[in-house]
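Here the structure is laid out as structure tokens; the discussion comes afterwards.
The values are calculated or read from the model by the stated rules, or taken from the named source; none is laboratory data. None of these values were measured; they are calculated from a predicted model. Cβ placement follows ideal geometry from the backbone for every residue including glycine, while neighbour counts extend to all protein chains displayed.
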């Protein structure tokens, strides 16, 4: 007879934000089979809480109560904030990150708000160039949107990502749409081609349950279109491409000024197929 698991009538025990469910497993003398039967019956989530698991500690307690074939079992559920980040079950994907941004030196504004000169004088029109001197465009450092993510997935030893592939993709940008989803919270983000940079991958040793956690450090920068550089409009710049302008002397009311005369978009990162990441 196959082993079966059933929740007890007075199962549910509440303690603060935690919930413990009590089960009975029958029909096997094997503790391993009793545990796998219980995990198949106990849901991964319960009332917004997640089934707790710790490497090196059994995710559920299974104790024999009536001799071979009968087991008294408990499963604990906790809120997401209480989960140990190393406790994920095999196959789980978790996302941590921030939108703290990065710093970029620019020489061109989005738009000139005003220009002011002494009475009876006109301020030169530099077409949005910032910090114009007689010989140079000094520019300014600004915060630009950069999305920093750490995506961690626990792989079974039989389905590990290829280390050579991970090495080859480090420092590359996605060549197609790329989506990552947190399997616990459901949070998800899709990067269009050109927006996601793989900064690196780290991984640890094999856990007691056979899994190995791989952590991927990703950075996102949005694609842009129709970027104004003075009188020039750049049609497209992908997130991790580099945009720069060429300035030259121009005339403004009989005065020589520095104005943008050309704009260039440069590819500075190779593209890669992020399907090889396995996340």
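Restricting the search to region 79-108, which residues are modelled with pLDDT of 70 or more and within 17 Å of the chain's Cα centre (by Cα)?
91, 92, 93, 94, 95, 96, 97, 98, 99
Is it true that residue 191 is in contact with a helix residue (DSSP H, G or I) (Cβ under 9 Å, 6 or more places away or on another chain) and within 17 Å of residue 91 (Cα to Cα)?
On the way: in contact with a helix residue (DSSP H, G or I) (Cβ under 9 Å, 6 or more places away or on another chain): yes; within 17 Å of residue 91 (Cα to Cα): no.
Answer is no for this residue.
For a quick check of your reading: which strands (runs of 3 or more DSSP E) sit entirely within region 177-223 and have at least 3 residues that are surrounded by fewer than 16 Cβ atoms within 10 Å (Cβ to Cβ)? Can you show your working first?
Numbers: elements: 178-181, 188-191, 196-203, 211-220.
Ranges flagged: 196-203.
Quick one: would you say residue 229 is in the same structural domain as residue 96 (by TED's automatic domain parsing), out of contact with any helix residue (DSSP H, G or I) (no Cβ under 9 Å at 6 or more places or on another chain) and closer than 22 Å to residue 132 by Cα? First the steps, then the outcome.
On the way: in the same structural domain as residue 96 (by TED's automatic domain parsing): yes; out of contact with any helix residue (DSSP H, G or I) (no Cβ under 9 Å at 6 or more places or on another chain): yes; closer than 22 Å to residue 132 by Cα: yes.
The answer is yes for residue 229.
Of all residues in region 154-164, which are in contact with a helix residue (DSSP H, G or I) (Cβ under 9 Å, 6 or more places away or on another chain) and either within 21 Å of residue 240 (Cα to Cα) or surrounded by 15 or more Cβ atoms within 10 Å (Cβ to Cβ) (or both)? Spell out how you get there, then give the answer.
Residues of region 154-164 that are in contact with a helix residue (DSSP H, G or I) (Cβ under 9 Å, 6 or more places away or on another chain), as a first pass: 161-162.
Across region 154-164, the qualifying residue is only 161.
Could you go through region 269-279 and let me know if any residue there is modelled with pLDDT under 90, in contact with a strand residue (DSSP E or B) (Cβ under 7 Å, 6 or more places away or on another chain), surrounded by 12 or more Cβ atoms within 10 Å (Cβ to Cβ) and more than 30 Å from residue 160 (Cα to Cα).
no
Conditions tested, residue by residue: (1) touching a strand residue (DSSP E or B) at 6+ places or on another chain (Cβ under 6 Å); (2) touching a residue at least 60 places away in the same chain (Cβ under 8 Å); (3) buried (at least 16 other Cβ atoms within 10 Å of the Cβ).
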residue	(1), (2), (3)
9	no, no, no
15	no, no, no
19	yes, no, yes
23	yes, no, yes
29	no, no, no
32	no, no, no
40	no, no, no
44	yes, no, no
50	no, yes, yes
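Return yes or no: is residue 37 closer than 23 Å to residue 154 by Cβ, over 33 Å from the mean Cα position of the chain (by Cα) and modelled with pLDDT of 80 or more? Please lay out each step first, then the result.
Numbers: closer than 23 Å to residue 154 by Cβ: yes; over 33 Å from the mean Cα position of the chain (by Cα): yes; modelled with pLDDT of 80 or more: yes.
It is true that residue 37 is closer than 23 Å to residue 154 by Cβ, over 33 Å from the mean Cα position of the chain (by Cα) and modelled with pLDDT of 80 or more.
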